[in-house]
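Read the structure below first, then the notes.
We did not get these values from a lab; they are worked out from the coordinates using the rules stated. All values reported here derive from a predicted model rather than from experimental measurement. Note that each Cβ is placed from the backbone with ideal geometry, even for glycine, and that neighbours are counted across all protein chains shown.
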Amino acid sequence: MSPEQLMSTVLETMALRTSLPTPAHAHEAVLFDLDGVLTSTTELHAACWKQSFAPFDADREYVEHLDGRPRHAGVRAFLDARGLPAPEGTPDDVPGTWSVHGIANAKQWLVDERLSRDGVTAYPGSVRWVRALRRDGVRTAVVSSSANCSAVLHAAGILGLFETTVGGDDLKRLRLRGKPAPDGFLEAADRLGADPARTIVVEDAVAGVAAGRRGGFGLVVGVARNAAPAELRAAGAHLVIDDLSEMLS
Ligand SMILES: [Mg+2]
């Protein structure tokens, strides 16, 4: 290698290093998505959506239109993609009525039924990392589009590991936009008094990764459980992992 080649390699390496986000241990808070990151309710949600809309491609259409979105936005995105016009309806529509609210209410009814019947399991690797963060004094919060956020954390026995939760009900009450807007993550960082630049966002959905980047968070970690690693990277994930236990080493 000539001295010029060597110098250009060194410069490239330095540029790469300086463009890397801050390492995990330098952060003051971690904001977790719920479904697919802390708890394995993605299958439950996909099954309930499938029962609400048939026929439905649970893998592809779930990832494209429904995963990580607030329930009503998910219904609208799905119907628009299918070219199926449906009236908006009202929040009181009986579950199963042909309206955006009726379909969303059907899905919620199915989720409530399955939550009480089957319970929820937290991913062991996620619980280990969250416990390690708490021991190190790192602040933690959960940000989810789900109106069931606290109920799911409670059912999984991990509600006490988080200082605050920003769920679907908070988004509605505070008039915050759902993911891919960064509003929920910014609200959680604000409640913790954490600087977004020194805060980690952990997400498994493309819309959630995009929200983390739009919010200017210091490190956005994509968990490749449903979406492909390449999709999460394209949405802006700094780092893509398969399981949160990888953050422990
Ligand atoms: Mg998720």
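Below 8 Å, C-alpha to C-alpha, sequence gap of six or more: please give me the relative contact order for region 134-249 in percent. Mind dumping the intermediate values first?
Details: 201 pairs, mean separation 20.7, N = 116.
Relative contact order, region 134-249: 18 percent.
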Compare Leu186, Leu66, Leu159 in a GNM of the chain, Cα atoms joined below 10 Å, and give the one with the largest fluctuation.
Leu159
Check which residues have an amide H placed less than 5 Å from Val166's amide H, if you skip close sequence neighbours.
Val142, Val143, Ser144
Please turn the phi angles of region 123-138 into ³J(HN,Hα) values with the Karplus equation 6.51 cos²θ - 1.76 cosθ + 1.60 (θ = phi - 60°), one per residue in order, whole Hz, x for glycine and proline.
5, x, x, 5, 4, 4, 5, 4, 4, 5, 4, 4, 4, 7, x, 7
Please name which of Pro70, Leu161, Phe32 has its Cα lying farthest along the dipole of the chain towards the positive end, using unit charges on Cβ (Lys, Arg +1; Asp, Glu -1) and the Cα centre as origin.
Leu161
Give me log10 I(q)/I(0) at q = 0.12, 0.14, 0.18 Å⁻¹ for the chain, Debye formula, one equal scatterer per alpha-carbon, no solvent.
-0.68, -0.90, -1.40
What share of all Cα pairs of region 88-229, in percent, falls into each consecutive 10 Å distance bin?
11, 35, 38, 14, 2, 0
For n ≥ 4 DSSP H runs only, could you compute -39500 (n - 2.57) per run for the chain, divide by its residues and tell me the 222 nm figure to the nearest 500?
-13500 deg cm²/dmol
Yeah, region 117-160 with a ≥ b ≥ c from its alpha-carbon gyration tensor (a/c under 1.5 is rounded, else prolate when a/b outruns b/c, oblate otherwise) is oblate
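If you place +1 on the Cβ of every Lys and Arg, -1 on the Cβ of every Asp and Glu, and leave all else neutral, what size is the dipole of the chain about its Cα centre, to the nearest 20 Debye?
Values: 26 positive and 32 negative charges, 72 e Å.
Around 340 debye, computed over the chain.
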In what order do Trp49, Trp98, Trp109 fall by count of nearby beta-carbon atoms within 10 Å, going from fewest to most?
Trp98, Trp109, Trp49
Could you tell me which of rounded, prolate or oblate describes region 122-205, using a ≥ b ≥ c as the square roots of the eigenvalues of the alpha-carbon gyration tensor, with rounded for a/c under 1.5 and, failing that, prolate when a/b is larger than b/c and oblate otherwise?
oblate
Each residue of region 72-77 in turn: what ³J(HN,Hα) in whole Hz from Karplus with 6.51, -1.76, 1.60 and θ = phi - 60°, glycine and Pro shown as x?
5, 5, x, 4, 4, 4
Arg139 long-range amide H proximity, modeled H, under 5 Å
Ala29, Val30
Rounded to the nearest 10 degrees, the helix 42-52 long axis (Cα) sits at an angle to the longest Cα principal axis of the chain of 30
Rounded if a/c is under 1.5, else prolate if a/b is larger than b/c, else oblate: which is region 170-216, with a ≥ b ≥ c the root eigenvalues of its Cα gyration tensor?
oblate
